[in-house]
Amino acid sequence: MTGEEGLPDYAVRNREVWTTANAEYTARRARDSWSAPEIVWGVWKTPEASLGVLPDMHGLEVIELGCGTGYFGAWLTKAGAKRVVGVDVTPAQLQTAREMNRDFGLGLEFIEANAEDVPLPDASFDIAFSEYGASIWCDPYRWIPEAARLLRTGGELIFMRHSDLVMVCSLDEEKVGERLVLALRGMNRLDWTSDGPSTEFHIGVSELFQLLRRTGFEVLDFRQIYAPEDAVDHPYYSYVPAAWAKKWPHEEIWRARKR
């Protein structure tokens, strides 16, 4: 179904959610995020230094699909990336990203667009990246082929998303629990209503692995991320309690190379 401005209905819904989130949280956190001294991943701020997932970024051209306020692109620029382009569908998030880019002088570029349909040429980038951007808010059967289109041969797709366990233990209006409540088989689009209508996407690990293979990728790395022992509930993204994430993997990082 297509909504306003030719966007899918879920992109319109999610844009409203992130407009609100930017007003409530992400805009005021942006400066601290942009100025962070090291790259960290996800809700639990797992240090890249302890994971070693990213390749050497020096001289690479990067597109971030679902960039939000652009902090991860800022980190990749400081890590040596030659060019970083952030794509996002939410004007409010992009306004914050542009303000930070102006203040920090890092030279990032930003485009307002659906990450499933990016107005840039084929084979333009060495890295396509998403940390809880397109990786959960866009249809995997659309955004992953789009990432492949944008990558040069040998380029890499790197993204973070929720784990299978989080999704099958999720209810709309409650925090993640300790029992299975949703079927993983056939899972893809999930329409939520709490905190305003939104749409998230998730397919199981096996299905995602096969999709990457069919799209021309070979998987190089896969990590499951737990909360550290000293973690406490996140002040804003509290849907997954720290106690839960200390016992079961909350987040996944995928790294794949375009054949």
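List of remarks:
- Each stretch of four or more DSSP H residues adds -39500 (n - 2.57); spread over every residue of the chain, this sum gives -8500 deg cm²/dmol at 222 nm.
- Using alpha carbons only: equivalent-ellipsoid semi-axes of region 62-193, gyration tensor based, whole Å: 29, 18, 13
- Within-14-Å neighbourhood charge of residue 109 [Cβ basis; K, R +1; D, E -1]: 0
- For the chain, the relative contact order works out to 18 percent when only alpha carbon pairs closer than 8 Å and six or more residues apart are counted.
- Largest first, the three principal axis extents of the alpha carbons in the chain are 46, 42, 40 Å in whole numbers.
- Across 19, 90, the residue with the most accessible area heads the list, and the full order at a 1.4 Å probe is 19, 90.
- Selection among 92, 157, 183 by position relative to the dipole of the chain gives 157 as farthest towards the positive end (Cβ unit charges, Cα centre).
- Label-to-label distance, nm, for residues given as residue 36 and residue 194 (7 Å Cα→Cβ offset): 2.5 nm
- Heavy atoms of the protein chains alone define the surface here; on that basis region 118-200 has 42 Å² accessible area per residue at 1.4 Å probe size.
- Region 51-98: relative contact order as a whole-number percent, Cα under 8 Å and 6+ apart: 43 percent
- Accessible surface of the chain, 1.4 Å probe: 51 percent of it comes from carbon and sulfur atoms.
- Multiplying the residue separation of residue 98 and residue 238 by 0.36 nm and removing their Cα-Cα distance gives an extension gain of 47.7 nm.
- Value of D in µm² per second that Stokes-Einstein yields for region 1-71, Kirkwood Rh from Cα pairs, at 4 °C (1.567 mPa s): 88 µm²/s
- The dipole here belongs to the chain: it is taken about the Cα centre, uses +1 on the Cβ of Lys and Arg and -1 on the Cβ of Asp and Glu, and is about 640 debye.
- Tensor-based shape of region 131-175 (alpha-carbon gyration tensor, a/c under 1.5 rounded, otherwise prolate or oblate): prolate
- Contact order normalised by residue count of region 128-169, Cα under 8 Å, 6+ apart, percent: 58 percent
- Across region 179-259, Cα-Cα pairs farther apart than 17 Å form 63% of the total.
- Net charge of neighbours whose Cβ lies under 12 Å from the Cβ of residue 149, counting Lys and Arg as +1 and Asp and Glu as -1: -1
- Pairs of alpha carbons in region 124-209 separated by more than 17 Å make up 52% of all such pairs.
- Bridging of residue 246 to aspartates and glutamates at a Cα separation below 16 Å is possible for 164, 178, 229, 230, 233, once same-chain residues fewer than 8 apart are set aside.
- Heavy-atom accessible area per residue - region 1-68, 1.4 Å, Å²: 47 Å²
- Kirkwood analysis of the Cα pair distances in region 1-142 returns a hydrodynamic radius of 15.4 Å.
The values are calculated or read from the model by the stated rules, or taken from the named source; none is laboratory data. A quick note: this is a predicted structure, and the numbers were derived from the prediction, not measured. Positions of Cβ are backbone-derived with ideal geometry, glycine not excepted, and every protein chain shown enters the neighbour counts. Side chains are part of the model used for accessible areas, which takes the heavy atoms of the whole protein and leaves out ligands, DNA and RNA. Shrake-Rupley method; radii C 1.70, N 1.55, O 1.52, S 1.80 Å.
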